[in-house]
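Read the structure below first, then the notes.
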């Protein structure tokens, strides 16, 4: 019922939002007689702000048309490689007429980025994708809005998420021989499960796993987000946040966790920050600070665009990750496409190198939650464990913005390239970065050649935080 009320309210507000947009343009046009009024700029700014607060935010586009590879501009063609009921595997194909650059592009590693299914669209990782495209062949999971998926497509469970990831990995392996996988926030858990199941079956696993800011072990340094999931019962979530999609959408009747409720929760976490941001936007409109105006619009076009999550998937994630901690307790069983239950055993992973990344100031995934993956993946040799803590970075800073580009990405790039050369075998020590620590020492090849019995002190030591 709440979902229907919200949609009715949104429909009623739509004409007023359109009016506010038109009025803002009218008062803001320099050649309009109305704009000559001394208060016109303020009135225009006020109407613009009302429009931004009242408008409906649709799914953004990645909009990546080109990237610079060295000094050459490379065109990007975005296309769907695989279309599943609840997800599209999206590829960013690179094109260039420069022969040397084309040869370089063909030799670069293949990376599957698994985007979060936790409220926002995959475009939240636009900066991640744009940066990665300079040095990698990039694919990304683009999760669909559950309210647009007809009931005829069936249900979507956390098990289905894991099975999707495995299917995407196998698809890339069939095309390229193997790939690297990167997960950001929520998908760190299902990605680790997917790779674990493949390893347990004796399948080929990705060359590397890069896990960034995810709740592998939510018992460590729990945040406000973790505490909500831990302190409320399964029935509370089912009774208070789960609603059926209204008849006006293709997914009518599907049980979902609506995007508008998620957005309310996002804003409630930092209301003062959002109020200040909107007030600053109003002042920037009056001053005509176009750079700040564009930055505000770009951010909130992304932040305010939210999707519905299938209820089964959402409730199972809450239960598995934040209430019963099934991954770290070794009790998580996943149903494969054939209907057979398989136990998730991260210790079976042996041929995949692991890099975990955490932000020092992350208020969504607390300190140590992602790093916990190293203890679970005990079958990976010590020198293939790596950890990075980005000083001064919050949750979004580890995959977007200056710290992502200047601190995190260089280490991720080095880690992937190092292992890609040897198809899973380390060939060079990654460059040391600030705010980096290694989960274990990296063995030098020369030292191994001289004597396998040399003490660990003679091996390359971990870079301290």
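A short reminder: the numbers here are calculations on the coordinates, not readings from a lab. Nothing here was measured: the structure is a model prediction, and the numbers come from that model. All Cβ positions, even for glycine, are placed from backbone atoms using ideal geometry, and neighbour counts span all protein chains on display.
Observations
- Residue-averaged 222 nm ellipticity for the chain, from DSSP H runs of 4+ at -39500 (n - 2.57), nearest 500: -12000 deg cm²/dmol
- For peptides 252-258, 355-361, 281-287, sequence by mean Cβ density within 10 Å, most packed first: 355-361, 252-258, 281-287
- DSSP assigns beta bridges within the chain; of those with both partners inside it, close to 55 percent run antiparallel.
- Taking segment 199-236 and a reference point 7 angstrom along Cα→Cβ of residue 375, the backbone N atoms nearer than 19 Å belong to 211-223, 226-227.
- Approximate shape of segment 84-177 as ellipsoid semi-axes (Cα gyration tensor, √5λ), whole Å, largest first: 29, 15, 11
- Nearest 10 degrees, 0 to 90: helix 271-287 Cα axis against the chain principal axis: 60 degrees
- Pairwise Cα inverse-distance average, inverted: Kirkwood Rh of segment 123-182 (Å): 13.7 Å
- Between residue 59 and residue 9, the simple spin-label model (points 7 angstrom out along Cα→Cβ) gives 2.5 nm.
- Whole-number percent relative contact order across segment 330-375, with pairs defined as alpha carbons under 8 Å at least 6 apart: 24 percent
- Our summary gives segment 6-163 a relative contact order of 18 percent, counting only alpha carbon pairs under 8 angstrom and 6 or more residues apart.
- The radius of gyration of the Cα set in segment 218-328, together with its Dmax, comes out at 18.0, 54 angstrom.
- Kirkwood Rh, angstrom, segment 139-239 [1 / mean 1/r, Cα pairs]: 15.7 Å
- Label positions at residue 336 and residue 405, each projected 7 Å from the Cα along the C-beta direction, are separated by 4.4 nm.
- Label-point gap, in nm, between residue 361 and residue 294 - each point 7 angstrom along Cα→Cβ: 2.6 nm
- A Förster radius of 35 Å, combined with the Cβ-Cβ distance separating residue 106 from residue 203, puts the computed FRET efficiency at roughly 0.85.
- Averaging the sequence gap over all C-alpha pairs within less than 8 Å and six or more residues apart, then dividing by the number of residues, gives the chain a relative contact order of 16 percent.
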